[in-house]
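Step one of this worksheet: look at the structure below.
The values are calculated or read from the model by the stated rules, or taken from the named source; none is laboratory data. Bear in mind that the values here come from a model prediction, so they are computed numbers and not experimental data. Neighbour counts are summed over all protein chains in view; Cβ atoms, including those assigned to glycine, are modelled from backbone coordinates with ideal geometry. SASA here: full protein model, heavy atoms, side chains in, ligands and nucleic acids out. Shrake-Rupley method; radii C 1.70, N 1.55, O 1.52, S 1.80 Å.
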Amino acid sequence: MNSPIHHHLRRGQVVRSCIVAIARTQSGPAYRACGKDGNLWRIVPGGQVPQTCLKRL
């Protein structure tokens, strides 16, 4: 969560990533993003995106 932002994805941009990073915490969800709690990140070129902000096609 403290990593600098490299770039943002555009709304509607297609992400083809099978690689998932799991954030582990002892006190609950690792982040709250796009209106949901979560702990999974999708690795994309140049960084990572909270999975809760992605919509499955």
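Among the residues of the stretch 24-39, just one is aliphatic (A, V, I, L, M) and either within 21 Å of ARG10 (Cβ to Cβ) or over 11 Å from the mean Cα position of the chain (by Cα) (or both), namely ALA33. When you go through GLY47, GLY38 one by one, which is the residue that is at pLDDT below 85 and surrounded by 14 or more Cβ atoms within 10 Å (Cβ to Cβ)? Answer to the check: GLY47.
Go through the stretch 3-19 and give me each residue that's open to solvent by 100 Å² or more (accessible area, probe 1.4 Å) and among the hydrophobic types (A, V, I, L, M, F, W, C).
ILE5, CYS18, ILE19, listed by residue number.
The set of residues in the stretch 33-57 that are over 14 Å from ILE19 (Cα atoms) and in contact with a helix residue (DSSP H, G or I) (Cβ under 6 Å, 6 or more places away or on another chain) comprises ALA33, CYS34, LYS36, GLY38. Restricting attention to the stretch 20-35, the residues that are among the hydrophobic types (A, V, I, L, M, F, W, C), open to solvent by less than 90 Å² (accessible area, probe 1.4 Å) and part of a strand (DSSP E or B) total 3.
Is the stretch 19-40 home to any residue that is in contact with a His (Cβ under 7 Å, 6 or more places away or on another chain) and on the phi > 0 side of the Ramachandran plot? The answer is no, given that none of the residues of the stretch 19-40 is in contact with a His (Cβ under 7 Å, 6 or more places away or on another chain) and on the phi > 0 side of the Ramachandran plot.
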